[in-house]
Every structure is written in structure tokens, then in C-alpha cells.
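The values are calculated or read from the model by the stated rules, or taken from the named source; none is laboratory data. Keep in mind that this is a model prediction, so the values were computed, not measured. Here the Cβ positions follow ideal geometry from the backbone for every residue, glycine too, while neighbour counts run over all protein chains shown. Accessible surface areas use protein heavy atoms only, side chains included; no ligands, DNA or RNA. Shrake-Rupley method; radii C 1.70, N 1.55, O 1.52, S 1.80 Å.
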Amino acid sequence: MSEIRENLNKVQETIEASCRKAGRDPKEVTLIAVSKTKPVSSIQEAYDAGVRDFGENRVQELMEKMDLLPGDIRWHLIGHLQKNKVKYIVGKTALIHSVDSLELAKEIDRQAEKKGVDRVDILIEVNIGNEESKFGVKPEDAPGLVDRILSETSRIGLHGIMCVAPYVVNPEENRQYFVKMRKIIVDIMNEVGHNVHVDVMSMGMTGDYPVAIEEGATMIRVGTGIFGERDYPV
Ligand SMILES: *Cc1c(COP(=O)(O)O)cnc(C)c1O
């Protein structure tokens, strides 16, 4: 068996074990294979093993790969999105995980209208650890941003929140942040009403996804754990 297939099996088993531990149904957790910096051949290998959700953090790289791979792949943009790049990717992604300002949401909305795209699905990125080096809104600003996006845009499908937790050696250290994400979802519901479904939580990477699942992650983003170490950092 190829290394990618073997890794995928291991990740799948870990997802199931974490769900069992938390009393959750593994079907509630979508695995996104983070393929940034990895070649098309590796993505094809994961695709052949059944993966359909892939994550990239750069618009240019995502578009190049998209053209070379099967059309039923769901592409997730997980990296920072600049406003001037929005026009290239509107209509091409399954989900943009990294919206962190009203201005960016409005630009997505504007480009969607221009291109005749009915709906662009997004998440709000939250800087859950309040780290200088990270993108995302402050945790306390998330409900207000959700509220304004819902009222000031018409083509945005807002589904929930995403975070990149701090880099830690012991994944247990990030449990507090995953718990905090769940509280933000509750705050959002209280702000915008419980009839609005803003309940997706994209959290957990190779180093901490079992803990994220235990705390309610509905999407996990795993790169190294599937494709191996990246040759260069991003
Ligand atoms: C690279 C990246 C990941 C995957 O990281 P691994 O530690 O390799 O699993 C997940 N989310 C984002 C936003 C990333 O940039």
C-alpha cells in the first residue's frame, strides 16, 4: 500500500476512535486533506483512495491544481485571502474558511454578483489564541461580524467559524481553544437567532485533530498527517 493510503487509513481510524470517545457519529466530521506545496500526483493518489475534500492556502496554487484534477473535488481555501484575489476564485471553491473582515465578505458578495454566482459558502476565521502572527477576528468580535455579513450581503452562505490554534507540542494545551470555539458558536446563535445555521467548526490539524473532534469539530484540516512533511514552510 502507498504511504498516502496508509496515512489516510490511520487518520480515518483516529477520527473514528475520537468520535467513539466523544459519543459522536464519524459522519459529522469532514476530513479535508491539506495539499498545499504537494504535487498533483499526491492529490490524485488521495483522490483515488476516496478523498474528495482538499485544502489549499494560496489562490494561485489552488487554481493551477484545480485545472489538472477531477472536477468533483471540493476545494477549500484555508489560507488568508486578499481582496484583490477574490475575483479569481469566486465560484470555484466549496468553502472559503478564512473570511475575517466585513470588507472581504462584501468583496466576495460583489464579485459573486458580477459573475452570476448565486452563493459563495464561507466561514469566519477566528484568531482563537489572540496571536500577533495570526489572521482572524478577535473571538469577541465574531458574533458582530456574522451579524453584519448576514444583513449586508446577499450572496454569502455563512456556515460557521474556523481557527488555526497555536502551535503546541502537547495537543491537550489546545483543548481550551476548541472549547472556546464552541462557546463562540453559542454566542453567534444568541446574536443572530437559533434559526440561522452557523454551526460548522473547522478546527484541528495534524498535531491536534483528535482533541478538536472531542470538542466538536465538524471539519478537520490534515496535511502532514496524510501527505508527509512539507519540503518548505508556508
Ligand atoms: C497547513 C495548514 C493546515 C494543515 O497543517 P498540518 O499540520 O500539516 O496538518 C491546516 N490548516 C491551515 C490553515 C493550514 O495552513
>> The conditions are (1) without any contact (Cβ under 8 Å) to a residue 60 or more places away in the chain; (2) polar (S, T, N, Q); (3) open to solvent by 20 Å² or more (accessible area, probe 1.4 Å), and Gln111 fails exactly one of them. Which is it?
In response: (3)
> Is it fair to say Ile108 is touching a His at 6+ places or on another chain (Cβ under 6 Å) and of a type in the set (Val, Ile, Thr)?
Replying inline: no
> Restricting attention to the range 12-36, which residues are within 13 Å of the ligand (Cβ to nearest atom) and surrounded by fewer than 18 Cβ atoms within 10 Å (Cβ to Cβ)?
Replying inline: Thr14
>> Please pick out the residue among Ile156, Ile149, Ile184, Ile124 that is within 15 Å of the chain's Cα centre (by Cα) and away from the ligand (no atom under 13 Å from the Cβ).
In response: Ile124
> With respect to Leu8, is the statement that it is more than 16 Å from the ligand (Cβ to nearest atom) and surrounded by 15 or more Cβ atoms within 10 Å (Cβ to Cβ) true?
Replying inline: no
> For the range 187-232, what are the residues that are polar (S, T, N, Q) and either closer than 28 Å to Ser42 by Cα or within 16 Å of the ligand (Cβ to nearest atom) (or both)?
Replying inline: Ser202, Thr206, Thr218, Thr224
>> So, in the range 37-73, how many residues would count as being open to solvent by less than 10 Å² (accessible area, probe 1.4 Å) and charged (D, E, K, R)?
In response: 1
>> Can you confirm whether His76 is open to solvent by 30 Å² or more (accessible area, probe 1.4 Å) and either closer than 28 Å to Val198 by Cα or among the basic types (Lys, Arg) (or both)?
In response: no
>> Here is a check on your reading of the model: is Gly129 at positive phi, part of a loop (DSSP other than H, G, I, E, B), without any contact (Cβ under 8 Å) to a residue 60 or more places away in the chain and of a type outside the set (Val, Ile, Thr)?
In response: no
>> Give me the helices (runs of 4 or more DSSP H) completely within the range 137-220, filtered to those with at least 1 residues that are touching a Leu at 6+ places or on another chain (Cβ under 8 Å) and surrounded by fewer than 23 Cβ atoms within 10 Å (Cβ to Cβ), ordered by residue number.
In response: 142-152, 175-192
